[in-house]
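Encoded as structure tokens, the structure appears first; notes follow it.
The values are calculated or read from the model by the stated rules, or taken from the named source; none is laboratory data. Keep in mind that this is a model prediction, so the values were computed, not measured. We place every Cβ from the backbone using ideal geometry, glycine too, and count neighbours over all the protein chains shown.
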Amino acid sequence: MQKKSDGSSELKRWLAGSAVFVILALVGAFSNSYIISLMTIVLLFAFMGQSWNLMLGIGGLLSIGHALFVGLGAYSVAVLYIRFGISPWVGLIVGMILAGVVGAVLAWLSFRFEVRGIYFALLTIAAAEFSRVMFGGWDFVGGMQGMFFPAPTGKNSIAMLSGDTRFYYFVALGLAALGVIGTELISRSYLGYVWRAMRDDDEASRALGVRTFRHKILVISISAATAAVGGGVLALVQGSIFPDSIMGMGISVDVLIGPVVGGLGTTFGPLIGSLAAISLNHLMSAIGDSLGIPGLNNISYGIILILVVWVLPDGIWPALIRLYKAIHLPSRGSVPQLTKVEK
């Protein structure tokens, strides 16, 4: 009976997850261009939030400079496409490899010299800021003037990853779905169990024979490569990239806000958190512009983080799960009947 119950619960989880993406697909099919554009950004940051969620929520490694990997993916796509006319698909692959290697080198240098915890987080910020300044002074990649993609022709092309607003929405939706599925599969795999053990107690994991040094490099490389894919698609959606906008601290905050608000280490947390936080950010930005209050969206981010830490320290998604279980639990007075087992 227990196995049957577990199978039924698993089926319900997958059906609920599928329903969420069906609803999102309907939103993309019938909404206006403004809603589609906003939701495209939300879905892209939900996907990139999954990469950050993988690093901290499962691997236990704090990064506050994820804009470095986002920017590497964006510049890989932009340089290969604008300078050489190479398909963005190739740019995405190159960006993944480049970001993965940079992440591995950064991790190796950090953990080789015992740079951990908050000091590793500061190192990621320093690396992101160094890269932003370097790309800002590099004429081949446009410098501070940035790089601009050719004007869209209006035709959707899978081969060149170009199309209208609705086309990019469904590309972002596909990435968000892959992020959720990937996080779920990794969480249930051998790597997921090892990374959580490493997160909870690094010394105990090493005592049990886990090669934590290698696993830390691996989780950072996978996280960096995933963020680079999101950065490459984000560059195509925006149509231009600048060092300050694609590698600035604001990108790192937008990446981490989803998992923090939605629920660290959970499958749907980054999606729920990005939907809540980024949508509110755009709303507050519009209200601030209309009222002449600059920075109102940044204030809203601060308020969101304070409320989440205070009221929902583990995020929105775990709270929704608890609410669902509380509603569907059997009433306190009902006692399941026991059946006699004959020998």
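Yes/no matrix, rows are residues, columns are (1) buried (at least 17 other Cβ atoms within 10 Å of the Cβ); (2) outside any helix (DSSP H, G or I); (3) modelled with pLDDT of 95 or more:
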| site | (1), (2), (3) |
| --- | --- |
| Tyr169 | yes, no, yes |
| Ala172 | yes, no, yes |
| Thr183 | yes, no, no |
| Ala197 | yes, no, no |
| Ala204 | no, no, no |
| Leu256 | yes, no, no |
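Applying the selection to the stretch 280-317, what residues are outside any helix (DSSP H, G or I) and within 15 Å of Val261 (Cβ to Cβ)?
Hits for the stretch 280-317 are Leu312, Pro313, Asp314, Gly315.
Would you confirm whether or not the stretch 115-125 contains a residue that is touching a residue at least 60 places away in the same chain (Cβ under 8 Å) and either assigned to a helix (DSSP H, G or I) or touching a Cys at 6+ places or on another chain (Cβ under 7 Å) (or both)?
Yes, the stretch 115-125 contains a residue that is touching a residue at least 60 places away in the same chain (Cβ under 8 Å) and either assigned to a helix (DSSP H, G or I) or touching a Cys at 6+ places or on another chain (Cβ under 7 Å) (or both).
May I ask you to say which residue of Val133, Val115 is closer than 17 Å to Lys216 by Cα, out of contact with any Gly (no Cβ under 6 Å at 6 or more places or on another chain) and of a type in the set (A, V, I, L, M, F, W, C)?
After ruling out the rest, the residue left standing is Val115.
Taking the stretch 258-279 only, how many residues are assigned to a helix (DSSP H, G or I), small (Gly, Ala, Ser) and within 12 Å of the chain's Cα centre (by Cα)?
Final tally of qualifying residues: 5.
As an exercise: evaluate Leu80 against (1) in a helix (DSSP H, G or I); (2) in contact (Cβ under 8 Å) with a residue 60 or more places away in the chain and give the number of the one condition it does not meet.
Only one criterion is unmet by Leu80, namely (2).
Could you say whether any residue in the stretch 49-59 is in contact (Cβ under 8 Å) with a residue 40 or more places away in the chain, buried (at least 24 other Cβ atoms within 10 Å of the Cβ) and outside any helix (DSSP H, G or I)?
Yes - at least one qualifying residue is present in the stretch 49-59.
So, Leu305, is that one out of contact with any Phe, Trp or Tyr (no Cβ under 7 Å at 6 or more places or on another chain), under 30 Å from Gly192 (Cα atoms) and at pLDDT below 90 or not?
For Leu305, the condition - out of contact with any Phe, Trp or Tyr (no Cβ under 7 Å at 6 or more places or on another chain), under 30 Å from Gly192 (Cα atoms) and at pLDDT below 90 - is met.
Within the set of pairs 6 or more residues apart or between chains, which connect a residue that is in contact (Cβ under 8 Å) with a residue 60 or more places away in the chain inside the stretch 216-242 to a residue that is among the aromatic types (Phe, Trp, Tyr) and surrounded by fewer than 24 Cβ atoms within 10 Å (Cβ to Cβ) with Cβ atoms less than 7 Å apart?
Listed by first residue and then by second, the contacts come to Lys216/Phe111; Ile217/Trp108; Leu236/Phe149; Gly239/Phe148; Gly239/Phe149; Ser240/Phe148; Ser240/Phe149.
Could you look through the stretch 258-300, keep only residues that are of a type in the set (Ser, Thr, Tyr) and more than 18 Å from Leu43 (Cα to Cα), and pick out the one that is surrounded by the most Cβ atoms within 10 Å (Cβ to Cβ)?
Ranking the qualifying residues of the stretch 258-300, first place goes to Ser300.
Which one of the conditions (1) modelled with pLDDT under 80; (2) surrounded by 11 or more Cβ atoms within 10 Å (Cβ to Cβ) does His328 fail to meet, given that it meets all the rest?
It fails just one condition, (2).
Hey, can you tell me all the residues within the stretch 213-240 that are surrounded by 20 or more Cβ atoms within 10 Å (Cβ to Cβ) and polar (S, T, N, Q)?
Passing the criteria: Ser221, Ser223, Thr226.
When the stretch 12-46 is examined, which residues are found to be exposed (fewer than 11 other Cβ atoms within 10 Å of the Cβ) and outside any helix (DSSP H, G or I)?
The one that is exposed (fewer than 11 other Cβ atoms within 10 Å of the Cβ) and outside any helix (DSSP H, G or I): Asn32.
When you go through (1) touching a residue at least 60 places away in the same chain (Cβ under 8 Å); (2) of a type outside the set (Asp, Glu); (3) crowded, with 20+ Cβ neighbours inside 10 Å one by one for Ser110, which number turns out not to apply?
(1)
Restricting to the stretch 286-326, name every residue that is hydroxyl-bearing (Ser, Thr, Tyr) and farther than 21 Å from Leu38 by Cα.
Tyr324
Just to be sure before I move on: is Gly192 modelled with pLDDT of 95 or more and touching a helix residue (DSSP H, G or I) at 6+ places or on another chain (Cβ under 8 Å) in the structure I sent?
Here the answer is no, as Gly192 does not meet what is asked.
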